[in-house]
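To start, the structure itself, in C-alpha cells.
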Amino acid sequence: MNATQAEIEKNASPGGYYKAVWCRDASFILKDQFQTENFGITLKQVLLIWANQIGKESYHSFLQYVNFKELPLIYGRGSPELDFESRIADEGIKTRFEGALPTTIYYERRFCEVYGQAPDIDSTALMIYVTSWILTRLVEANEKTNYSMSLNLHTIMSELDQDNQGESWFFKVSINDIINFLIPRMLKGISYLQARDIDNDGLLEQKHNEDWMDTLLRTGKVVYSQACWILALNSLSYLLYKLSNEKEAKRMDELAKKAMEAVEEKLWSEKDGCYIDLLDADLHLDKKMHNRLITQDVSLYLVALTENRQNLGEVLHSSHVFDFQNTQNGNDTFLSSQEILNRASYSLDTLKKRIWKNNLPLVTEKEVDKTGPWLLKVNEYHNHTFWPWITGIEMLARNRFGKLDDFTLLMRMFIDSNGKIHSNLLHEWIDPNTFAGRGAFPFRTGISSVRLAAKDNHTANMVQFNNAYNR
C-alpha cells in the first residue's frame, strides 16, 4: 500500500498519457483518496466534476467562480451510428443529456466529451455512488466527536478555501453547502439514468460503447451497467436516510429493488451458471458477443449486492427476499437471499472456469473479431486481456463471497511474498501471453481498484477478529 501511496495523492486522472478526468475512473481513485485521508483534494475534485454536469443549473450562492465558463461539449466519437465522428452538442442535445456527467472532462484543453451517442451509464452512476459514499462519511463525522478516521472537518474546509494556483475554485464553504450543492445534482443524475430504462422493465438500455469497454460495441442491457445503477441508488438512499429525506430515500430503494429483481429475472443464465449481458441483435456487434459471451465485469453486480454489508453473514441471514414476476410461466416467484448467494457463488466459479487463463482472469471469455472505432488485435486493449482495474472488482466480489483462496491468488499477481509490487501490473492492461504491461503507466484506476480490494479484505478480517474476540 505504501509503495503506491504517492499515486493516490494526485488528481483524479487515470495517469500515464491520460491528461483529463474520466468520471468512471475518477470514482475509484476518489474513493481510494478519501480512504487514505486525502480529504481536501478528494472534495475539490468531486465538486469540480459535478460542476461540469450536463444541463442548465443555477449555481448555488456559495459557489464563486474566477474566469469559470461552461466547457463546450462534443459527443459521438465512439458511436458507429454517428460514423465514429465527434459532433458539437447543441442546446437540444444538451437538453436531452441533462443530468448526466460527461465521459471525460478535459480541463486543460477546455472541453468535455460524451464518447458515445449518449452519455454512458457508468460515468454518472459511479460518481453518484462514490459521492454519496463520501458525503455519508462526512455526515457521520459531523455526528460523532470521536470518529474512527479522525476526520477534521475544519481542516477540510480550510483546504477548500485555498486558491488553486489561480484556477477557478470554490470558497466560503461549509459541509451543509457541499451537501446542498451535490444532492440536487445527484438526483438530477438519477432522473437521467432512470430515463434510460426505455421499456420500463427495471434495466437500463445502452447504445454502442457507452460503458468502460468502449471498443466492444456492446448495445442492450449490460450487467455491469446495471450494477453501476444499483450501486448509485443504494448509496444515495443510504445518504438520504442519514439526512432524514425519507421520501427520496424510499424512492431510491424502490428503484434499486426493481433493478435487482430485473437482473435476477432477465440477466441470470441457469444454463451458464452466471449473469450474462442481454445484448441487442446488431450488425455492428461481433457475433460472438451474441452467443452468451462471459465478461469479467459482471463481478461488479456481486459487489453491488454486498455493498454496505459488513460480511457474508449479513447477506445470507438478511430477511430481505426478492419477489418478482417470472415472465416465463406467469407465476410469482420468490428468490431468497440463500438463492442469490448460490447464484453469486456459481457466477464466480463460472468466471474462474471460463475467463481465467493460466490463473489470469481476462476481461472477455473469447477473442473478439469486430471492434470499433479501432480494430483491435487479439490480446490488445479490451480484446481478451488482463486488466488490474476490473480484476480489483473481481477480487472485491471474491472476498465478500468467501472465495478467499482465489482472492489471495489474485493478490499475489500484484505483490510477491516479500511485499514487492510487480511493476508490469501497474500498467493499464497486460498481454496474457507475454505478461507484458501495456497501455497507460502508471494506470491509477487499476492501482486504486486493487488497493480498495485489499482494504476491503483487511476490513473483513478485522470484523471477524473483533466478533471472535467479543464472544
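The values are calculated or read from the model by the stated rules, or taken from the named source; none is laboratory data. Since this is a predicted model, take the numbers as computed values, not measurements. Cβ coordinates were reconstructed from backbone atoms using ideal geometry, including for glycine residues, and neighbour counts include every protein chain displayed.
A few comments on the model shown:
- For segment 258-274, residues that are of a type outside the set (A, V, I, L, M, F, W, C) and either touching a residue at least 60 places away in the same chain (Cβ under 8 Å) or surrounded by 23 or more Cβ atoms within 10 Å (Cβ to Cβ) (or both) total 6.
- Matching residues, segment 368-397, being free of Cβ contacts under 8 Å to residues at least 60 places away in the same chain and among the charged types (D, E, K, R): Lys377, Glu380
- Residue check for Arg292: more than 20 Å from the chain's Cα centre (by Cα), charged (D, E, K, R), within 30 Å of Asn383 (Cβ to Cβ) and modelled with pLDDT under 95: yes
- Selected residue [farther than 22 Å from Val130 by Cβ and modelled with pLDDT under 95] from Asn470, Asn379: Asn470
- Checked against (1) among the aliphatic types (A, V, I, L, M); (2) in contact with an Asp or Glu (Cβ under 9 Å, 6 or more places away or on another chain); (3) surrounded by 23 or more Cβ atoms within 10 Å (Cβ to Cβ), Ala20 passes all but a single condition, namely (3).
Residue-by-condition table, conditions (1) among the hydroxyl-bearing types (Ser, Thr, Tyr); (2) surrounded by fewer than 23 Cβ atoms within 10 Å (Cβ to Cβ); (3) within 19 Å of Leu126 (Cβ to Cβ); (4) in contact (Cβ under 8 Å) with a residue 40 or more places away in the chain:
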position: Tyr238; (1), (2), (3), (4): yes, yes, yes, yes
position: Leu243; (1), (2), (3), (4): no, yes, no, yes
position: Glu246; (1), (2), (3), (4): no, yes, no, no
position: Met252; (1), (2), (3), (4): no, no, yes, yes
position: Ala256; (1), (2), (3), (4): no, yes, yes, no
position: Ile276; (1), (2), (3), (4): no, yes, no, yes
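- Subset of segment 421-430 [under 24 Å from the mean Cα position of the chain (by Cα) and in a loop (DSSP other than H, G, I, E, B)]: His427, Glu428
- Residue that is nearest to Val222 (Cα to Cα), among those in segment 264-308 that are in a helix (DSSP H, G or I) and basic (Lys, Arg): Lys266
- Selection status of Leu203, aliphatic (A, V, I, L, M), surrounded by 23 or more Cβ atoms within 10 Å (Cβ to Cβ), in a loop (DSSP other than H, G, I, E, B) and in contact with a strand residue (DSSP E or B) (Cβ under 8 Å, 6 or more places away or on another chain): yes
- Condition check for Arg438: touching a helix residue (DSSP H, G or I) at 6+ places or on another chain (Cβ under 7 Å) and not hydroxyl-bearing (Ser, Thr, Tyr): no
- Evaluation of Ser417 against the conditions (1) surrounded by 14 or more Cβ atoms within 10 Å (Cβ to Cβ); (2) part of a loop (DSSP other than H, G, I, E, B) shows that the sole unmet condition is (1).
- Residue, nearest to the chain's Cα centre (by Cα), within segment 112-128, restricted to residues that are over 12 Å from Leu182 (Cα atoms) and in a helix (DSSP H, G or I): Leu126
- Segment 1-51 holds helices (runs of 4 or more DSSP H) entirely within its bounds, and those carrying 3 or more residues that are of a type in the set (A, V, I, L, M, F, W, C) and closer than 14 Å to Leu138 by Cα map to 39-51.
- Criterion violated by Thr371 - all others in (1) crowded, with 20+ Cβ neighbours inside 10 Å; (2) not in a loop (DSSP other than H, G, I, E, B) satisfied: (2)
- In the set Leu362, Leu425, only one residue is among the hydrophobic types (A, V, I, L, M, F, W, C) and farther than 25 Å from Tyr275 by Cβ; that residue is Leu425.
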